[in-house]
Amino acid sequence: MPGIFSRGHTAADAPAMPPKVPLPAPTETLEQPAAAAPGAETEPLSFLRPDDEREPAVAAEESPVEDVVLGPTGRPMPVFPDPPPLTSHGHARVISMCNQKGGVGKTTTTINLGASLAELGRRVLLVDFDPQGSLSVGLGLNPHDMELTVYNLLMQREVTLDDVVVPSGVEGMDLLPSNIDLSAAEVQLVHEVAREQTLQRVLGPAVEKYDVILIDCQPSLGLLTVNALTASHGVIVPLECEYFALRGVALLKTTIDKVRERLNPGLEIDGVLGTMFDGRTLHSREVMDRLVQAWGDKVFHTVIRRTVKFSDSTVAGEPITAYASTSTGADAYRQLAREVSLRWLDA
Ligand SMILES: Nc1ncnc2c1ncn2[C@@H]1O[C@H](COP(=O)(O)OP(=O)(O)OP(=O)(O)O)[C@@H](O)[C@H]1O
Ligand SMILES: [Mg+2]
């Protein structure tokens, strides 16, 4: 019995296609960014499913333009060259890693983007601005052994930046550590003059010295996060490629807009980063599709795929670029470092 795809069969022999399953209706959380993001009104983008999950991009065989390569976000994948080497250091760009949803990859991105930028010759300072202290622990520090932390820097005028900065274990990258003490600052800062500008004030000397300062925010939109946004030139929003991750993004955008209007007119959204992406699931690809519809070009072409190597490297107290230097996770963060550096050149 010949199969249906063997010669001699006509289209009429083929079984009917199943009806198209519509995408779920857009949630209200996505409507607001859609209006604000340039290019958000673009048509839904086609997807090409990567055959090899290890490759960040795949050849678009069905694309009308030859040799166009579609990335995991469904858009043509540019090549990101290394940024030009720096001849001097200082005038740091300050970036907050911000999303009030927990467990989306803020700390993982802070550590690994920082380490990748250091590999590119940038002087990097990481600021642990979360009382959970995950960034400090993720770089091998013991929260009980810290003499001075960001808390002391914020609350005690006699404590200087140099008193608190410690090496991160990665060449070219330093750390301002934190532990649970920082939770008291949120309460005490309420009584301070210019309470929203406190972090900006204490980071002043660091801006002169470093090329990039990455602030790892806690999962809330409270006073500490407002301090981080006020001290920053840009925000990177890590977003887990999971449907519920899209909820609450409108609230985050409103907070960023308010800080821009009232405290920091220069604040920009540097990019939205899809994390824990799994290209084998339709779900991950649909979420990515929606992110691009809502945020347009703000979505980084680079996505971070789900891999246990990230948890393993946290246990080892190292960035993935050191723990598993040749892994796809390390390569993804190196690519993000190049992509974001090119955006900063245009900023
Ligand atoms: N791409 C990834 N693939 C798999 N696991 C990941 C990935 N990125 C992060 N993780 C793991 O997910 C967990 C949460 O990540 P992370 O701590 O970076 O999130 P977070 O947004 O900083 O969380 P919180 O809001 O609690 O500060 C960690 O155990 C981390 O190792
Ligand atoms: Mg964190």
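From G296, G248, grab the single residue that is within 28 Å of R195 (Cβ to Cβ) and either of a type in the set (S, T, Y) or in contact (Cβ under 8 Å) with a residue 40 or more places away in the chain (or both).
Exactly one of G296, G248 is within 28 Å of R195 (Cβ to Cβ) and either of a type in the set (S, T, Y) or in contact (Cβ under 8 Å) with a residue 40 or more places away in the chain (or both), namely G248.
Could you check how many residues of region 116-132 are surrounded by fewer than 24 Cβ atoms within 10 Å (Cβ to Cβ) and closer than 17 Å to T225 by Cβ?
Restricting attention to region 116-132, the residues satisfying the condition of being surrounded by fewer than 24 Cβ atoms within 10 Å (Cβ to Cβ) are 118-123, 131-132.
Remaining after also requiring closer than 17 Å to T225 by Cβ: 131-132.
Adding up the residues that qualify gives 2.
Looking for whichever is within 16 Å of ligand 2 (Cβ to nearest atom), surrounded by fewer than 22 Cβ atoms within 10 Å (Cβ to Cβ) and of a type outside the set (S, T, Y) here; the options are V137, V166, V104, V159. Which one fits? Before you say what the answer is, go through the steps one by one.
Working: V166 fails: within 16 Å of ligand 2 (Cβ to nearest atom); V104 fails: surrounded by fewer than 22 Cβ atoms within 10 Å (Cβ to Cβ); V159 fails: within 16 Å of ligand 2 (Cβ to nearest atom).
Within the list V137, V166, V104, V159, the selection yields V137.
Would you pick out the residues in region 299-347 that are surrounded by 23 or more Cβ atoms within 10 Å (Cβ to Cβ) and among the β-branched types (V, I, T)?
Those that are surrounded by 23 or more Cβ atoms within 10 Å (Cβ to Cβ) and among the β-branched types (V, I, T): V299, T302, V303, I304, I320, T321, V340.
Can you run down the residue pairs with Cβ atoms below 8 Å, 6 or more apart or on separate chains, where the first is in region 200-224 and under 18 Å from A115 (Cα atoms) and the partner is away from ligand 2 (no atom under 16 Å from the Cβ) and in a helix (DSSP H, G or I)?
Close Cβ pairs (under 8 Å, with a partner that is away from ligand 2 (no atom under 16 Å from the Cβ) and in a helix (DSSP H, G or I)) amount to A206/L161; D211/L117; V212/L117; I213/L203; I213/A206; I213/V207; I215/L199; I215/A231.
Looking for something part of a strand (DSSP E or B), within 16 Å of ligand 1 (Cβ to nearest atom) and at pLDDT 95 or above - is there at least one such residue anywhere in region 97-109?
Yes, the conditions are met somewhere in region 97-109.
Any idea how many residues of region 296-334 are more than 16 Å from ligand 2 (Cβ to nearest atom), within 17 Å of R280 (Cα to Cα) and assigned to a loop (DSSP other than H, G, I, E, B)?
Summing the residues that are more than 16 Å from ligand 2 (Cβ to nearest atom), within 17 Å of R280 (Cα to Cα) and assigned to a loop (DSSP other than H, G, I, E, B) in region 296-334 gives 5.
When the residues of region 142-168 are narrowed to those that are within 26 Å of A322 (Cα to Cα) and at pLDDT 95 or above, which ends up nearest to the chain's Cα centre (by Cα)?
The extreme case among them is S168.
Which of the following residues is within 16 Å of ligand 2 (Cβ to nearest atom), surrounded by fewer than 23 Cβ atoms within 10 Å (Cβ to Cβ) and under 25 Å from F277 (Cβ atoms): P219, P238?
Going through P219, P238 in turn, just one is within 16 Å of ligand 2 (Cβ to nearest atom), surrounded by fewer than 23 Cβ atoms within 10 Å (Cβ to Cβ) and under 25 Å from F277 (Cβ atoms): P219.
For L154, only one of the following conditions fails: (1) out of contact with any strand residue (DSSP E or B) (no Cβ under 9 Å at 6 or more places or on another chain); (2) part of a helix (DSSP H, G or I); (3) within 21 Å of P319 (Cα to Cα). What is its number?
Of (1) out of contact with any strand residue (DSSP E or B) (no Cβ under 9 Å at 6 or more places or on another chain); (2) part of a helix (DSSP H, G or I); (3) within 21 Å of P319 (Cα to Cα), only one is false for L154: (3).
Quick grid of which residues meet (1) within 19 Å of I236 (Cα to Cα); (2) touching a Phe, Trp or Tyr at 6+ places or on another chain (Cβ under 7 Å):
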site: I180; (1), (2): no, no
site: H191; (1), (2): no, no
site: A194; (1), (2): no, no
site: K209; (1), (2): no, no
site: C217; (1), (2): yes, yes
site: L221; (1), (2): yes, no
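So L126 passes all but one of these: (1) under 30 Å from P83 (Cα atoms); (2) assigned to a helix (DSSP H, G or I). Which condition number does it fail?
All conditions are met except number (2).
The values are calculated or read from the model by the stated rules, or taken from the named source; none is laboratory data. Everything quoted here is computed from the prediction, not taken from an experiment. All Cβ positions, even for glycine, are placed from backbone atoms using ideal geometry, and neighbour counts span all protein chains on display.
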